[in-house]
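All remarks here apply to the structure that follows.
Throughout, read-outs are computed from the coordinates displayed, never taken from laboratory work. The model shown is predicted, which means the values in this text are computed figures rather than measured ones. Glycine also receives a Cβ, built like all others from the backbone with ideal geometry; neighbour counts cover every protein chain displayed.
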Protein chains: 2
Amino acid sequence: MAADFQIIDMTQALSPNMAFWDGVGDFGLELETDYKDCTAPNLFRTQKINSGAGVGTHMDAPAHCFEGGRTIDLLTMDELIADCFVVDVTSRADENYLIMPSDIEEFEKAHGQIPQSSLVIFYTGWSKFWSEPAKYHNNHKFPGLHSSAAEILVKRGVAGVGIDTLSCDTGANGFPAHRIILGADKYLVENIANADKLPPKGAKVFVMPTKIKGATEAPVRLVALI
Amino acid sequence: MAADFQIIDMTQALSPNMAFWDGVGDFGLELETDYKDCTAPNLFRTQKINSGAGVGTHMDAPAHCFEGGRTIDLLTMDELIADCFVVDVTSRADENYLIMPSDIEEFEKAHGQIPQSSLVIFYTGWSKFWSEPAKYHNNHKFPGLHSSAAEILVKRGVAGVGIDTLSCDTGANGFPAHRIILGADKYLVENIANADKLPPKGAKVFVMPTKIKGATEAPVRLVALI
């Protein structure tokens, strides 16, 4: 593949030391059997995962906010493999910034209207703090999405919306972007890595959540092909 | 994407009711917060994952068998996005069958030599029992891979090897295929779904493991583009 495309892994690695929504660790990888516990030559190391479902680079499915909404396993490949549009708001996105309709309008003026079934990623630059969990968490102060911007995306008929922060809502004013986007049966992807490596348009993304029956959230392997 | 490619999801959904290596359930999705526990309008359902790392459609990294071997997070996109070759052994693969060099030779006679950096999937037909966990598990009797066939694949320089059974080794005669393939720094994918929907060659696969730092195994979202 390397010859045909540039491949960008937009996934943060899951570890106990990353930033979590509430600031408290919620990911564990526990040793189950180790090589030394085995009989040669059949040596194995096995592990158990104990994790919140919505940690690291992850997806929120409609059921995360809406009873009866679709769960992770019901999202279709046509939604999960999408054309990707990256809206760079780094010049404005301080810890209090809410992404506004004007950010989308400015992007569309330069790159054309965002087409149906796309994944729109907001690159706020907050991902630069990923390796400093306390700073990334920042007591729930980080860039988010204003309800009016979420409404435009739904009007465009996007497949999903992504951001390089812990959440597209900080919770300070409730969770309007969650309610609008998930309420329209779209998905969210949070804690995105390497959004700066993508062009504003032209990349194809593979948004690959762990396929868990009945899950409202799940870790995602997010990969872009340029 | 739908217009350009046919997309096949080759992933079994994770649930507590699936077949597990040792026959004992090792996947749980636990309710953490439910809608009714929240204050309107901010309703959420959150969950916790308690799971063996090597359940469902999953990957074994070299570190699964070899101390100091690469873990899941260290596999590269060039290995994980690969040309896919599907060797159909359904006509011979009863519960005692071991895939032999002759199976690979016959495939190569028809379709040409398996090139470097491919994913080779053995379609045994055992996946038809997936929805009957006891039958799929079958007291560890299901088709596997003979050491001599594993050696040929390593000689071809494949990126990885997949199979539609619980494991490429049943354990009855140790785990020679694991040791040969992982020992050559390649990866394994087990419990593959929908291998019958792929052509013998010509599909591109995206083998997308949950990116867990230090994991020896991990769930995989496996998707093919035809």
About the Cα centre, and with charges only on the beta carbon of Lys, Arg (+1) and Asp, Glu (-1), how big is the dipole of the protein assembly as shown? Nearest 20 debye, please.
300 debye
Tell me the relative contact order for chain B as a rounded percent, counting alpha carbon contacts under 8 Å between residues six or more apart.
32 percent
Quantify how strongly other chains surround peptide B:171-178 by giving the mean number of their Cβ atoms within 10 Å of each of its Cβ atoms.
2
Long-range amide H contacts for residue B:88: which residues qualify at under 5 Å (H placed 1.01 Å from N, peptide plane, sequence gap of 5 or more or a different chain)?
B:123
Tally the DSSP beta bridges in chain A and give the antiparallel ones as a percent, rounded to 5.
65 percent
Tell me, what HN-Hα J-couplings in whole Hz come from the Karplus equation 6.51 cos²θ - 1.76 cosθ + 1.60 at θ = phi - 60° for each residue of the range A:101-115, using x for Gly and Pro?
x, 4, 5, 6, 4, 4, 4, 5, 4, 7, 10, x, 5, 5, x
Within 10 Å of each candidate Cβ there may be at most 15 other Cβ atoms; applying that plus a DSSP loop requirement, which trypsin sites (Lys or Arg not before Pro) in the range B:26-92 survive?
B:92
Compute from the Cα atoms of the range A:185-226 the Rg and the Dmax, the latter being the longest Cα-Cα distance, and quote both in angstrom.
11.8, 34
Using alpha carbon centroids, what distance separates the range A:176-195 and the range A:139-166, in Å?
6 Å
³J(HN,Hα) across the range A:174-184 via Karplus (A = 6.51, B = -1.76, C = 1.60, θ = phi - 60°), whole Hz, x for Gly/Pro?
x, 10, x, 5, 4, 5, 6, 6, 5, x, 8
Three principal axis lengths of the range A:113-226 [C-alpha, angstrom, descending]
36, 34, 31
When Lys and Arg each count +1 and Asp and Glu each count -1, what net charge do the other residues less than 10 Å away from residue B:226, Cβ to Cβ, add up to?
+2
By what distance, in whole Å, do the Cα atoms of chain A stretch along each of the three principal axes, largest value first?
65, 43, 37
Specify the residue with the greatest mean-square fluctuation among A:195, A:215, A:61, computed from a Gaussian network of chain A linking alpha-carbon atoms under 10 Å apart.
A:215
Magnitude of the Cβ-charge dipole (Lys and Arg +1, Asp and Glu -1) of chain A about the Cα centre, nearest 20 debye, reported as 200 debye
Please find, among residues of chain A, the one with the beta carbon closest to the rotation axis relating it to chain B, distance in whole Å.
A:208, 2
Which residues' amide hydrogens lie under 5 Å from the amide hydrogen of residue B:12, considering only partners 5 or more residues apart or on another chain, with H built in the peptide plane?
B:57, B:193
With θ set to phi - 60°, apply the Karplus curve 6.51 cos²θ - 1.76 cosθ + 1.60 along the range B:122-135 and write out the HN-Hα couplings as whole Hz, x wherever there is a Gly or Pro.
8, 9, 9, x, 4, 4, 5, 8, 3, 7, 10, x, 5, 6
Which one of B:125, B:11, B:152 has its Cα pushed farthest toward the positive end of the charge dipole of chain B, where Lys and Arg give +1 and Asp and Glu give -1 at the Cβ?
B:11
Mean per-residue count of partner chain Cβ within 10 Å for B:53-59 equals 3
Holding the Cα-Cα limit at 19 Å, pick out from A:109/A:204; A:48/B:213; A:36/B:48; A:36/B:141; A:204/B:213 the pairs that are longer than that.
A:109/A:204; A:36/B:48; A:36/B:141; A:204/B:213
If you place +1 on the Cβ of every Lys and Arg and -1 on the Cβ of every Asp and Glu, how big does the dipole about the Cα centre of the range B:34-131 come out, in debye to the nearest 20?
520 debye
Partner chain Cβ atoms within 10 Å, averaged over the residues of B:34-46 - can you pull that number for me?
5
